[in-house]
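Take a look at the structure set out below.
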Amino acid sequence: MLIFQITDLDGNVVEDILEDQGGEVVIPYNDSRTAKVTLSVYNRQVLNAQPLDRMLKALYATIQGVYLVFWGVILKPSWRGAPGTVEINAHDQTIWFKKNNHRYGDIVVDVGYPVNGVGMQMLAESAIPLAHQIDRGVKHPGILWGYDDSHDWKYDSALQLVIGSGPMPEKITAPKPGDGAWDQSTRGQQIWETFQQLAGVSGFPDFDLRPIDADHPPTLKDPDSILRVPNPDGYAPGYYAQLDTYAHIGGNKTDDVIFHFGFGYDNLEDMTYDPDGNAVINYAVEAYPGGEQGKKDTVHRALSHNENSWLKYGIYEKWVSANNKDPKPILQKKANAWVSAYCEPPQYFTIQIRPEKGNLPGAEEPYRFIDHFGIGDEITAVAKKGFFIKEIQGRVMRVTLTKEKDKKGTQTSVDCVPDVGGSADPSDQGI
């Protein structure tokens, strides 16, 4: 079940919400967590639903424990007269990355950053007010640095990116063999954009801005990590999240977590399967800020395509003019990532887990989020209904926990997409 609270900006609980009319928490892969809860206008607790001045906290209770799954600032309390409700919408601490930009004086602009978890922390530091501003009492993002098992990257003799450590290049845009892989942001670039660019490349860090408090155990990839143990002294007031970075979030649970729709354990209320041809990208171009300087300028652009996809479907193109001062190998890796992931129609599917036991004799308790699987894990879903006969494996990209009015239990919706892993070829430079 989902339990909601309203807190002040120091983390003190000001309202335990006991009579809500439903709520929701969305937990995505490499993206922002959001939450909402609906109250009656006759519930005095709505008076504490103040935008930016109050925060919404959500706890998720399972058979194995109670977990903190959301803690973020209230952005938009939406009052509705006819139904007599207030929908309280909140956003996690990545809101600071969306509302702030890199500046001169930030190390990622003046110097650069490595393309690993430490570099992601350096990007996040741009959202922290200056020291003299904090001394005056200006609020800060309330984010701590946490778990990191991301890879370091370097350039090999052919200037290809490989896993390994190396020194910062003398010139980031012109690396030499053996140099570490670094990138550089530009003044005025949105912090969130740089996060998304870094996390969107295969092999570069995945991240989770994980809500934290002293009363509930964190949920981590590594169950034996010391970070699972709550800080015995508590967290300082005003800290709500911890930035964890990974080489890869999740694991392969396709043989262990199997959902059935229409037969077997029948532990799904619904399953949808949406292969999407409109999402196909079999030709991708990543360009340096301002674009290349002419047709013969191959340093400031990277092109990638999938030959089999071209021959089957024709050319489906994506052109990205980035704000980052990416060296050519990183531009190439970004272009390859688009083509590798989308050269075939993505086999999107969504499952809705039954909140109770399956309805067939001997059915087991359904698999539950956190207890049995998490964001980034690969799971299996099988459907048998009419001509809808499909067995598919995919990565968990988004989990939506929903508490519906007058319904028991928590409804769990899981959005998945299989890893395509198609080839990415930079050889065709003809267009």
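The values are calculated or read from the model by the stated rules, or taken from the named source; none is laboratory data. Treat the numbers as computed from the prediction; the structure is a model and nothing was measured. Glycine gets a Cβ as well: all are built from the backbone with ideal geometry, and neighbour counts include every protein chain shown.
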Residue count for the stretch 277-298, restricted to those that are β-branched (V, I, T), modelled with pLDDT of 70 or more and loosely packed, with under 15 Cβ neighbours inside 10 Å = 0
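Wholly within the stretch 1-119, which strands (runs of 3 or more DSSP E) include no fewer than the required count, namely at least 2 residues that are under 30 Å from V417 (Cβ atoms)?
Once the strands (runs of 3 or more DSSP E) in the stretch 1-119 are filtered for at least 2 residues that are under 30 Å from V417 (Cβ atoms), what remains is 2-7, 22-28, 34-40, 55-61, 66-80, 85-91.
Which is aromatic (F, W, Y) and surrounded by fewer than 17 Cβ atoms within 10 Å (Cβ to Cβ), of W319, W338? Full working, then the answer.
Working: W338 fails: surrounded by fewer than 17 Cβ atoms within 10 Å (Cβ to Cβ).
Result: W319 is the single residue among W319, W338 that is aromatic (F, W, Y) and surrounded by fewer than 17 Cβ atoms within 10 Å (Cβ to Cβ).
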Output the qualifying pairs, or none if there are none: Cβ atoms under 6 angstrom, residues six or more apart or on different chains, first residue in the stretch 116-139 and without any contact (Cβ under 8 Å) to a residue 60 or more places away in the chain, second residue part of a helix (DSSP H, G or I) and buried (at least 19 other Cβ atoms within 10 Å of the Cβ).
-> M122/V108
Can you pull out the residues in the stretch 389-431 that are polar (S, T, N, Q) and outside the structural domain of E378 (by TED's automatic domain parsing)?
-> S423, S427, Q429
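Looking at the structure I just gave you, is K171 closer than 24 Å to A335 by Cα, more than 20 Å from the chain's Cα centre (by Cα) and either at pLDDT 95 or above or not in a loop (DSSP other than H, G, I, E, B) (or both)?
Numbers: closer than 24 Å to A335 by Cα: yes; more than 20 Å from the chain's Cα centre (by Cα): yes; either at pLDDT 95 or above or not in a loop (DSSP other than H, G, I, E, B) (or both): no.
Considered against the rule, which asks whether it is closer than 24 Å to A335 by Cα, more than 20 Å from the chain's Cα centre (by Cα) and either at pLDDT 95 or above or not in a loop (DSSP other than H, G, I, E, B) (or both), K171 comes out as no.
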Residue tally, condition closer than 20 Å to V111 by Cβ and without any contact (Cβ under 8 Å) to a residue 60 or more places away in the chain, over the stretch 170-180 | 5
Answer with yes or no whether G137 is over 30 Å from D213 (Cβ atoms), modelled with pLDDT under 95 and either part of a loop (DSSP other than H, G, I, E, B) or of a type in the set (A, V, I, L, M) (or both).
-> no
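If you go through the stretch 145-162, how many residues are in a loop (DSSP other than H, G, I, E, B) and more than 14 Å from P114 (Cβ to Cβ)?
Residues that pass the stated criteria total 6.
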Condition set in contact (Cβ under 8 Å) with a residue 24 or more places away in the chain and polar (S, T, N, Q), scope the stretch 53-103, selection surrounded by the fewest Cβ atoms within 10 Å (Cβ to Cβ): answer is Q64
Pairs only if they're at least six apart or on different chains, beta carbon under 9 angstrom, first in the stretch 4-24 and under 22 Å from Y239 (Cβ atoms), second acidic (D, E) and in a loop (DSSP other than H, G, I, E, B); list them, first residue then second.
-> F4/D20; D8/D53; L9/D53; G11/D213; V14/D8
